[in-house]
């Protein structure tokens, strides 16, 4: 067993601290809107025996989507394990499974986009969901400007994403008001921006995410918190 295998096993053993006292398990209802589809679903952050799972499942009478991200956290750093996307109807052709193999030092993708790229275990790129946990951890540490490496779902390229707190705003969820910080993401290679609204009172839980590109605008918005902690 080489040193990289020892390193990953050690990270699993010590990963149960996650700053879990700051980011709590939750179940919440969100709405998702895009030009193609509009539906409500459930997002969950769940503690597992060895790590965590962040999931989102939504459906209506014509479509269903499910996203799952599994990861561990050590020293306030997210370490990815796998990411899965399942979307129906089948003709949409969006199913995809991303696997992080630390033994073979590979990230592989099956489904809609099939590829394989080398994995640097010292700087594992994140997926679109567990990157949100890293964002929350950074903000909890008081970091207002930072970058995160994400794996591109289409081809496995590793991209630097830059984030900066740009303001505050009052967000309304049901009958409750929360002071939110506004975080903006920049992607240098694309004409695209993402705006996040996060509530410090809720451990920087995402209350709204608006993603704008040349092709479409997508929005994820909190409807109600079903359980927290």
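Since every read-out is calculated from the coordinates, none of them should be taken as a lab result. Note that this is a predicted model, so its numbers are computed, not measured. Every residue, glycine among them, receives a Cβ derived from its backbone with ideal geometry; neighbour counts consider all protein chains shown.
For the ranges 165-172, 146-153, what's the packing order if you count other beta-carbon atoms within 10 Å of each residue, average per peptide, and put the highest first? Let's see the in-between values first.
Working: 165-172: 12.1, 146-153: 17.9.
The packing order, highest mean first, is 146-153, 165-172.
Sort 58-66, 121-129 by packing, meaning the average of other beta carbons within 10 Å per residue, with the highest value first. Display every interim value, and only then the final one.
Values: 58-66: 14.2, 121-129: 18.0.
Final packing ranking: 121-129, 58-66.
With 10 angstrom as the radius, rank 178, 197 by how many other C-beta atoms surround their C-beta, starting from the fewest. All intermediate terms of the calculation are to be shown ahead of the outcome.
Details: 178 18, 197 21.
The order, fewest Cβ neighbours first, is 178, 197.
Say R0 is 30 Å: what FRET efficiency, to the nearest 0.05, do residue 146 and residue 224 get from their beta-carbon distance?
Numbers: r = 30 Å, r/R0 = 0.99.
In this case the efficiency is close to 0.50.
Mind sorting 56, 206, 186 by how few other Cβ atoms lie within 10 Å of their own Cβ, fewest first? Don't skip to the end; give the middle numbers.
Working: 56 18, 206 21, 186 14.
Taking fewest neighbouring Cβ atoms as first place, the list is 186, 56, 206.
Counting only helical runs of four or more DSSP H residues, what would the 222 nm mean residue ellipticity of the chain come to if each run contributes -39,500 (n - 2.57) and the total is spread over all its residues?
Details: 2 runs with 23 residues, N = 229.
Calculated mean residue ellipticity at 222 nm is -3000 deg cm²/dmol.
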